[in-house]
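See structure below.
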Amino acid sequence: MKPKAEVMKDLARVCRRKVVIQRKETVTDEYGDTTTTWADWRAMWAERSSLWGRDYYAALAVGEEQTVEFTLRYAAFLDELKTDTHRLFYAGEIYDIRQVDYLDDDGMWIKLRAVKHT
């Protein structure tokens, strides 16, 4: 277990900007037509970081050089995240979630790898 001073330093890390997690929803109108829309699901504080080094070149090889990582503090509702039904809205841009990574640090942080939506 980490000492309290180190835990508090980690908590200050994510107080950067707010990220909104959106969820895909199917809506039926009065005529019976169904449409798919994106609705805001949760808002959280996150730290955004770009890929660099080996990770950047691996993403470049498959054409995903716009990949970024978001580090969020773990919350129980994040277990519901799926890459096909959720996306991120951050600083006026939309990011499609590619990978959800639970870090090995006592379950305190979660890392989302996302690509800018085109």
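The values are calculated or read from the model by the stated rules, or taken from the named source; none is laboratory data. Not measured: the values here are computed from a predicted model. Please note: Cβ atoms are built from the backbone with ideal geometry, for glycine as well, and neighbour counts cover all protein chains shown.
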Pair list, Cβ < 9 Å and 6+ apart or interchain, from segment 78-91 residues that are under 14 Å from Lys111 (Cβ atoms) to residues that are assigned to a strand (DSSP E or B) and of a type in the set (Gly, Ala, Ser)
Leu88/Ala46; Leu88/Ala114
Reported set for segment 38-61 where residues are in contact with a strand residue (DSSP E or B) (Cβ under 6 Å, 6 or more places away or on another chain) and loosely packed, with under 11 Cβ neighbours inside 10 Å is Ala39, Asp40
Condition test on Tyr74, is it among the aromatic types (Phe, Trp, Tyr), under 14 Å from the mean Cα position of the chain (by Cα), within 17 Å of Lys116 (Cβ to Cβ) and modelled with pLDDT of 85 or more?
no
Val27 fails exactly one of (1) outside any loop (DSSP other than H, G, I, E, B); (2) within 19 Å of Val100 (Cβ to Cβ), namely (2)
